[in-house]
Amino acid sequence: MKKPLKVADVVADLDMPTLLQYHRKRSRAKAERLVAEYVRIIEILSDNPRIAPLRKEGWRVVALRTGPYLLYYGELESFWLVAGVFHAARDPDWIQAQLLIRELGEG
């Protein structure tokens, strides 16, 4: 049986709205492209979650082409979790801490 893909509440409630709000103020067209790309990535991951290589930290990462953002996701026991969408320039240690908190909250 194929594991479902779940988007963490914090991704839907914080990550995506924050980056969309930022870009909407500057370019509505870019904000719309970000949404479309995000939706497309979620669709692709739902069908083929192993598309991105597993990193040593245990997460997989997809880079968004529309902006300098990275979507982090990983395989948990009963589902795949989209755990974060972060600016690519964020401190890697901060990202890993956020991912751990989110994994524990969703797992």
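Taking Gly58, is it within 27 Å of Lys2 (Cβ to Cβ) and at pLDDT 95 or above? So Gly58 does not fit the description; no.
Restricting attention to region 10-26, which residues are farther than 17 Å from Arg40 by Cα and touching a Lys or Arg at 6+ places or on another chain (Cβ under 9 Å)? Result: Val10, His23, Arg24. Of the residues making up region 48-77, just one is among the aromatic types (Phe, Trp, Tyr) and outside any strand (DSSP E or B), namely Trp59. Please verify whether Ile41 is out of contact with any helix residue (DSSP H, G or I) (no Cβ under 8 Å at 6 or more places or on another chain), of a type outside the set (S, T, N, Q), closer than 16 Å to Leu5 by Cα and surrounded by 14 or more Cβ atoms within 10 Å (Cβ to Cβ), treating the condition exactly as stated. The answer is yes for Ile41. Annotation note: of Ala83, Ala97, Ala36, the sole residue that is surrounded by fewer than 17 Cβ atoms within 10 Å (Cβ to Cβ), within 14 Å of the chain's Cα centre (by Cα) and either outside any helix (DSSP H, G or I) or at pLDDT 95 or above (or both) is Ala36.
Mind checking whether some residue in region 9-18 is in a strand (DSSP E or B), touching a residue at least 60 places away in the same chain (Cβ under 8 Å) and buried (at least 18 other Cβ atoms within 10 Å of the Cβ)? No: zero hits.
The values are calculated or read from the model by the stated rules, or taken from the named source; none is laboratory data. Just so you know, these numbers come straight off a predicted model, no measurement behind them. Cβ sites come from the backbone with ideal geometry, for glycine too, and all protein chains shown count toward neighbours.
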